[in-house]
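Student: Before anything else, here's the structure in question.
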Amino acid sequence: MRPKYFPFMLGLLVALALTLVTTPTPGLAQATKTDRLVFASAGFSESNRFWTVSRPDHLQYDPFLETLLEVDPKSGEYTPRLAEKWYPSADFKEWTFILRKGVPFHFGFGQFTARDVVHSHSMMMRPEATATLAGFWRQVEEVKAVNDHQVVFRFKQPTTVMDYGASRAGDLRIVSKAQWDKEGIDGFDKRPAGTGSYRYAGRQSGLSVSFERIDNHWRGEKPAFRQLEFRLVREESTRLAMLLSGEAHIADLPRELQKDALKRGMKIYSSSFPVDWMTIYLGGMYFMPGDPAFKAEVPWTNKKVRQAMNMAVNRKELLNTVFAGKGTYTYVTGWLPQSEGWNPEWQRRFDGMYGYNPAKAKELLKEAGYGPGQLKMKILAFTEPGESEGPQVAEALGIYYKDVGIETEIEVLDWAKVREMFRKKTIGCCIWPNIISWRPSEESIRTFNYSKGPNHHYENEFIDKTYLAWAQAIKPEERQRHARAIADHLFEEFADIPLFWFANEVVANPKVVGDWVYPGLGAGRSTHFHLVKPPAK
Amino acid sequence: MQRYIARRALQSLLAIWVVTLVVFSLARISGNPLDVMLPLEAGPEEYERVSKYWGLDQPLHTQYFIFLSKAVRGDFGNSWKWHGESAMGLVGQRLPATLQLAGFALAISLVIALPIGVLAAVMKGTGWDTAAKIIALLGQSLPPFWLGIVLMWIFAVHLGWFPTSGRGGIQHMILPAITLGWFQVAVVMRLLRSSMLDVLDSEFVKLTRIKGLAEWKVVWKHCLRNASIAPLTVFAIIAGGLMTGAVVTESVFSWPGTGQLVVDAVRARDFQVVQAVVIVFAGIFIFTNLVVDILYAYLDPRIRYQ
Amino acid sequence: MATETIRTLPWYAPPRVAQAMGQVSRYPLVPLAMLMFLLVIPAVFAPLVAPYDPLKGSLANRLKPPVWQQGGSIDYPLGTDKLGRDMLSRVIYGARVSLAVSLAAIVVGGVLGTVLGLMSGYFGGRVDAVLMRLVDISLSFPTILVALVLVAAVGPSFGTVITVVVVFLWARYARLVRGETLSIKERDFIARARVAGASHIRIMARYIFPNVVNSLVVLATLQVGYVILLESTLSFLGAGLPRPTPAWGLMIADGRELIVTAWWVSMLPGLAIMLTVLSLNLLGDWLRDHLDPKLRNV
């Protein structure tokens, strides 16, 4: 053999050796298709420390860590789960939960008691807690275990959203104090014990998290699939490929690819309720008196301009093209028919006030003093994994606005930058489409429209006053009154450009999945995997 | 020789230090990780609290000093996104996957390049030579992510020969390795071809054979020494190319390696992990270069005295 | 070979490019033709050649297939993309963008690298040591990672992409030029020039540089293709040119989820990249074989 090849043969040998030496033990044994259900997700923050993980990524806890209250898959109502009964005190500062008896923890860590609730809450008090409702949980002054099966939460301020927080839509996962005492955080990281009908089976970093069914669930829940696996697959076309090749049975697919999956015989499972809304937010809407961040030069501080910006958008076409027709119209950002303060009048009046009418839009702009080409604006776009429509909507907006004489420039930033801008009120230059996941409308106002809230999307005195009244109101009629006042106000004032509500849609292989009902409002969007049933024989 | 090694080693350390400085600054410029870490509900108190917890409220130079003093001990801090894992621990978890993929890709590129290179050299100047050249260059002309997706669709979905993604056994590695290694085929092929041509032409070798000198002596003492220099450099370059090419390939095939890790970390502004990955990669590269340079100096004395 | 040329000819050796140009029959016709057709002509004459504005589209016309497929029409010969923009026009303008990015990056990186390489090789000593360490550091940076972090910091833009590519490229030029400078500076004619009183700058510019040009040309040609690929990879990862620039890489990245339903959205720019880079590589190979065989192992 020619000497010059020695380096190459050596290289080849080294490469092959490296390969063989580092070949891992193959992943958890591939059971037959019907035994192990594989869900290809867009990815989530991998950690067992639920108090550091935000709501959508609680997908990874849904099968094995339960919450005090359940979200009914069909009606969306909060129903008993680990708590049988719950009620607030008269001033809504204290919430009492009567706990269920006879709930065993996984891995033999004893029975569920009030102490576990106290312990689980204490996780939210840790300094690294960054869960979605961590701020809310830290408003709790004291959690007292009155007895083994009764626990009371005392808040600093009255709160009306405790049921939301304690439900499957919130993030207070109940974990075992006994495990914590015995194994510490290391044991918890390795193998957290919960009370769900699946229990934690293991993780492969960067690849998947797996669960296995238990036989003695306290409610008698028996999932149809013995094993469950969530795969992290960042690339959308890879998820589609996995679904079609049979490696995954359910996949989270963007709308474009759903069409293709359907063509090949797959089926869509939609959540019972819409879970996300998309709205185009307007920067600079700081109408609190004396707010230095308010700049009158921002064109859309003029209501006529805002209305024009709404009427220039062809929502029907946008929905059919970018979103494949899947969505329902939003009349007021954040409001669903079941939300407090919903006004059926909006639907009737929407077309006249917000509907597609480029001629009227041009007229309004002229009235506001902007001839064709005189109004310039920046549209900020960003993508998040699983939400790639932002830039598309931005580009479509650019096209619609060009038609009515508005000049636009699209700037693609990353999400964090945009967020920093609206947090610090420096986003007066721009408008931006954003997809936000459902939260109760009271929370929505607090987060986005309350001047003392974090995000400052559209704020003024009226909203502040009314919100405070709403948050302190106890009687349902009073609450409805305040809620509707705010919502109507937002509707009349064209606070932003509301677009659509979307349900959570996943695609499944009908040969493996026959039925599945889930609300979508659960933290994690795709939830209630124990309800996935194989096709009827 | 000792002095040369000492000098080069010192320079390498300096290089690594500069890398830490640059990565640290770049990562910090990229913005506030809290905007990614914290939910929309988080108000100023939450920002303050978490900022303090992660030491982000300190002035930059303090943060750098703390970072450096821990880094020299191999502690790159805890990940901000993968709660509970240390940054170095994560790199340690994922690096074998990337090395494995890179190794396999290298093997595949050698396997493809060997026959093409030999053919091109033996049939020099003919249509075969040009055809071989074009095939090799084709590899360098295709965007790797595009190639990956196309391969996945043809072989994993339509033909069903291989799984589409993930890591498990040899069959999971083939498509990603081809995607990753294809790019290097041209480089390796070119090298093989020129080496082969030199060998075929070598007067020296012919002469020594005529003289009857023991072939192995000739080969070992003379040819191999001279021959090893070029492939060594190329090796280092290829290794570097494979490591960075892995980023894209791992994304497409969901291969749980450091490439996938760093893309996720950058998106999540998890500086700790980004720093760890970049410094480890740079460290490997600088170290490889150091070794190559030392081998050079050993094989070619002239270099030592520059 | 190149070394003998320098010894026998007077101090100034006309770049081999000029010599090679004189021999028409040795032109690599096929790669050159492909290049002209795919890259140069569309790039330069884009506004005249492209049928539509690449930035304007109508959602009603989105995802129309190319003319030869069912549903396609001659109005949009290569189909339309997600937002109804004509693919043919976008691919043509894409050539312009690719060429602009590569030329800008290569010129900046090349000039920077050449100047530093000349200085490093000529002056030697401390200067050389420092510059070579810089080269090492720059080469040891994982380009893609730097790009990702940089884009996260300042947002995607033309400038960001060029910066990243320049940081990646300059070191290669520097290393190459330094190597050549080292061997050239020992030659007699350089010594003669020094004795005659020529300044350092004059020597570097008039005597050394012209002999380095050959290798530079070869490297540059080979690099254009690589830069185009690099830009497309960066766009794929979201760290490339900003929307809605009609850049080939960005188009592939956008169309990648449609690879099954609307293959033309990503396949066509991919094909364009492939053919362009291929012809550049062939051209570069030819240049290398004819100008400077020493570079065989670069």
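Student: Is the stretch B:179-188 home to any residue that is on the phi > 0 side of the Ramachandran plot and either aromatic (F, W, Y) or in contact (Cβ under 8 Å) with a residue 24 or more places away in the chain (or both)?
Tutor: Residues of the stretch B:179-188 on the phi > 0 side of the Ramachandran plot: none.
No: the stretch B:179-188 contains no residue that is on the phi > 0 side of the Ramachandran plot and either aromatic (F, W, Y) or in contact (Cβ under 8 Å) with a residue 24 or more places away in the chain (or both).
Student: Filter the stretch A:221-247 for residues that are within 12 Å of another protein chain (Cβ to nearest Cβ) and part of a loop (DSSP other than H, G, I, E, B); which is surrounded by the fewest Cβ atoms within 10 Å (Cβ to Cβ)? Full working, then the answer.
Tutor: Our first condition is that a residue be within 12 Å of another protein chain (Cβ to nearest Cβ); within the stretch A:221-247, this holds for A:229, A:231-247.
Narrowing further to those that are part of a loop (DSSP other than H, G, I, E, B): A:233-235, A:246-247.
Values: A:V233: 28, A:R234: 21, A:E235: 24, A:G246: 15, A:E247: 22.
The selected residue is A:G246.
Student: Listed residues B:L90, B:L21; which is within 22 Å of C:V149 (Cα to Cα) and crowded, with 19+ Cβ neighbours inside 10 Å? Even if it seems obvious, please write down each step before you answer.
Tutor: On the way: B:L21 fails: crowded, with 19+ Cβ neighbours inside 10 Å.
Sole residue among the options that is within 22 Å of C:V149 (Cα to Cα) and crowded, with 19+ Cβ neighbours inside 10 Å: B:L90.
Student: Next up: Go over the candidates B:A120, B:A102 one by one and state the one that is assigned to a helix (DSSP H, G or I) and over 21 Å from B:E250 (Cβ atoms).
Tutor: On the way: B:A102 fails: over 21 Å from B:E250 (Cβ atoms).
It is B:A120.
Student: Give A:N460, A:N449, A:N455, A:N434 a once-over and let me know the one that is within 14 Å of chain B (Cβ to nearest Cβ) and surrounded by fewer than 22 Cβ atoms within 10 Å (Cβ to Cβ). Spell out the reasoning first.
Tutor: Values: A:N460 fails: within 14 Å of chain B (Cβ to nearest Cβ); A:N449 fails: surrounded by fewer than 22 Cβ atoms within 10 Å (Cβ to Cβ); A:N434 fails: surrounded by fewer than 22 Cβ atoms within 10 Å (Cβ to Cβ).
From the options A:N460, A:N449, A:N455, A:N434, the qualifying one is A:N455.
Student: Return the only residue of B:A15, B:A42, B:A27 being closer than 16 Å to A:R423 by Cα, of a type in the set (A, V, I, L, M) and surrounded by 19 or more Cβ atoms within 10 Å (Cβ to Cβ). Write out each step before concluding.
Tutor: Values: B:A15 fails: closer than 16 Å to A:R423 by Cα; B:A27 fails: closer than 16 Å to A:R423 by Cα.
When all the criteria are applied, what remains is B:A42.
Student: Could you figure out which of (1) under 23 Å from C:G238 (Cβ atoms); (2) modelled with pLDDT under 80 isn't true of B:V278?
Tutor: (2)
Student: A follow-up question, please. Looking at (1) of a type outside the set (F, W, Y); (2) touching a residue at least 60 places away in the same chain (Cβ under 8 Å); (3) crowded, with 22+ Cβ neighbours inside 10 Å, which is the only condition C:M119 fails?
Tutor: Result: C:M119 fails condition (3) only.
Student: From the list C:R172, C:R126, C:R178, C:R133, pick out the single residue that is in contact (Cβ under 8 Å) with a residue 24 or more places away in the chain and over 19 Å from the mean Cα position of the chain (by Cα). Quick ask: steps written out before the conclusion?
Tutor: On the way: C:R172 fails: over 19 Å from the mean Cα position of the chain (by Cα); C:R126 fails: in contact (Cβ under 8 Å) with a residue 24 or more places away in the chain; C:R133 fails: in contact (Cβ under 8 Å) with a residue 24 or more places away in the chain.
From the options C:R172, C:R126, C:R178, C:R133, the qualifying one is C:R178.
Student: Please work out which one of (1) more than 27 Å from A:S270 (Cβ to Cβ); (2) in contact with a strand residue (DSSP E or B) (Cβ under 7 Å, 6 or more places away or on another chain); (3) surrounded by fewer than 21 Cβ atoms within 10 Å (Cβ to Cβ) is the condition A:D72 fails and give its number.
Tutor: Single failed check for A:D72: (1).
Student: Which residue is farthest from A:N320 (Cα to Cα), if the candidates are limited to the stretch A:476-504 and must be of a type in the set (A, V, I, L, M) and part of a strand (DSSP E or B)?
Tutor: Of the residues in the stretch A:476-504, the ones of a type in the set (A, V, I, L, M) are A:483, A:485-487, A:490, A:495, A:497, A:499, A:503.
Adding the requirement that they be part of a strand (DSSP E or B) leaves A:497, A:499, A:503.
On the way: A:I497: 18, A:L499: 12, A:A503: 15 Å.
If we take residues in the stretch A:476-504 being of a type in the set (A, V, I, L, M) and part of a strand (DSSP E or B), then A:I497 is farthest from A:N320 (Cα to Cα).
Student: Still on this structure, I have one more. Looking at the stretch B:96-122, which of its residues are facing chain A (nearest Cβ under 9 Å) and surrounded by fewer than 20 Cβ atoms within 10 Å (Cβ to Cβ)?
Tutor: Scanning the stretch B:96-122 gives B:P96, B:V111, B:L114.
Student: Taking C:L78 as meeting all but one of (1) within 14 Å of chain B (Cβ to nearest Cβ); (2) in a loop (DSSP other than H, G, I, E, B), write down the number of the exception.
Tutor: Every listed condition holds for C:L78 apart from (1).
Student: For B:G74, all conditions in the list (1) modelled with pLDDT under 90; (2) in contact with a helix residue (DSSP H, G or I) (Cβ under 7 Å, 6 or more places away or on another chain); (3) more than 22 Å from A:N48 (Cα to Cα); (4) surrounded by 14 or more Cβ atoms within 10 Å (Cβ to Cβ) hold save one; what is the number of the exception?
Tutor: (4)
Student: In addition: More than 30 Å from B:T164 (Cα to Cα), touching a Leu at 6+ places or on another chain (Cβ under 8 Å) and of a type in the set (S, T, N, Q): which single residue out of A:S167, A:S208, A:S176 fits that description? Walk me through it before giving the result.
Tutor: Details: A:S208 fails: more than 30 Å from B:T164 (Cα to Cα); A:S176 fails: touching a Leu at 6+ places or on another chain (Cβ under 8 Å).
Result of the check over A:S167, A:S208, A:S176: A:S167.
Student: Okay, moving on. Scan the stretch A:392-416 for residues that are within 14 Å of chain B (Cβ to nearest Cβ), of a type in the set (D, E, K, R) and either free of Cβ contacts under 8 Å to residues at least 24 places away in the same chain or more than 17 Å from A:G283 (Cα to Cα) (or both) and report the count.
Tutor: Residues in the stretch A:392-416 being within 14 Å of chain B (Cβ to nearest Cβ), of a type in the set (D, E, K, R) and either free of Cβ contacts under 8 Å to residues at least 24 places away in the same chain or more than 17 Å from A:G283 (Cα to Cα) (or both): 0 in total.
Student: So, restricting to helices (runs of 4 or more DSSP H) that lie completely within the stretch C:186-262, which ones have at least 2 residues that are crowded, with 24+ Cβ neighbours inside 10 Å? If you could, list the steps in order and put the result at the bottom.
Tutor: Working: elements: C:188-195, C:209-236, C:248-255.
Qualifying helices (runs of 4 or more DSSP H): C:209-236, C:248-255.
Student: Give A:F230, A:F155, A:F188 a once-over and let me know the one that is out of contact with any strand residue (DSSP E or B) (no Cβ under 8 Å at 6 or more places or on another chain), among the aromatic types (F, W, Y) and in contact (Cβ under 8 Å) with a residue 24 or more places away in the chain. Before the answer, list the steps.
Tutor: Values: A:F230 fails: out of contact with any strand residue (DSSP E or B) (no Cβ under 8 Å at 6 or more places or on another chain); A:F155 fails: out of contact with any strand residue (DSSP E or B) (no Cβ under 8 Å at 6 or more places or on another chain).
The match here is A:F188.
Student: For the stretch A:361-475, give me every one of the helices (runs of 4 or more DSSP H) that falls completely inside it and has 3 or more residues that are among the hydrophobic types (A, V, I, L, M, F, W, C) and farther than 29 Å from B:E48 by Cβ. Let's see the steps before the verdict.
Tutor: Details: elements: A:389-403, A:415-423, A:441-448, A:461-472.
Passing ranges, in order: A:389-403.
Student: Taking the residues in the stretch B:247-295 that are part of a loop (DSSP other than H, G, I, E, B) and on the phi < 0 side of the Ramachandran plot as candidates, determine which candidate is farthest from the other protein chains (Cβ to nearest Cβ). Steps first, answer last, please.
Tutor: Taking the stretch B:247-295 and keeping what is part of a loop (DSSP other than H, G, I, E, B), we get B:254-257, B:268-270.
Restricting the remaining residues to those that are on the phi < 0 side of the Ramachandran plot gives B:255-257, B:268, B:270.
Values: B:W255: 8, B:P256: 3, B:G257: 7, B:A268: 8, B:D270: 10 Å.
Result: B:D270.
Student: Still on this model: Given the criteria under 19 Å from B:G245 (Cα atoms), crowded, with 18+ Cβ neighbours inside 10 Å and modelled with pLDDT of 80 or more, does C:V177 qualify?
Tutor: Numbers: under 19 Å from B:G245 (Cα atoms): no; crowded, with 18+ Cβ neighbours inside 10 Å: yes; modelled with pLDDT of 80 or more: yes.
Considered against the rule, which asks whether it is under 19 Å from B:G245 (Cα atoms), crowded, with 18+ Cβ neighbours inside 10 Å and modelled with pLDDT of 80 or more, C:V177 comes out as no.
Student: Follow-up question, since we're still on this one. In this structure, is A:Y61 touching a residue at least 40 places away in the same chain (Cβ under 8 Å), in contact with a Leu (Cβ under 9 Å, 6 or more places away or on another chain), more than 11 Å from chain B (Cβ to nearest Cβ) and among the aromatic types (F, W, Y)?
Tutor: Values: touching a residue at least 40 places away in the same chain (Cβ under 8 Å): yes; in contact with a Leu (Cβ under 9 Å, 6 or more places away or on another chain): no; more than 11 Å from chain B (Cβ to nearest Cβ): yes; among the aromatic types (F, W, Y): yes.
Taking the combined requirement at face value, the residue does not satisfy it.
Student: Next up: Only one residue in A:M288, A:M309 is surrounded by 23 or more Cβ atoms within 10 Å (Cβ to Cβ) and of a type outside the set (S, T, Y). Which one? Please lay out each step first, then the result.
Tutor: Numbers: A:M288 fails: surrounded by 23 or more Cβ atoms within 10 Å (Cβ to Cβ).
Only one candidate qualifies: A:M309.
The values are calculated or read from the model by the stated rules, or taken from the named source; none is laboratory data. The structure presented is a predicted model; accordingly, all values stated were derived computationally and were not measured. Cβ sites come from the backbone with ideal geometry, for glycine too, and all protein chains shown count toward neighbours.
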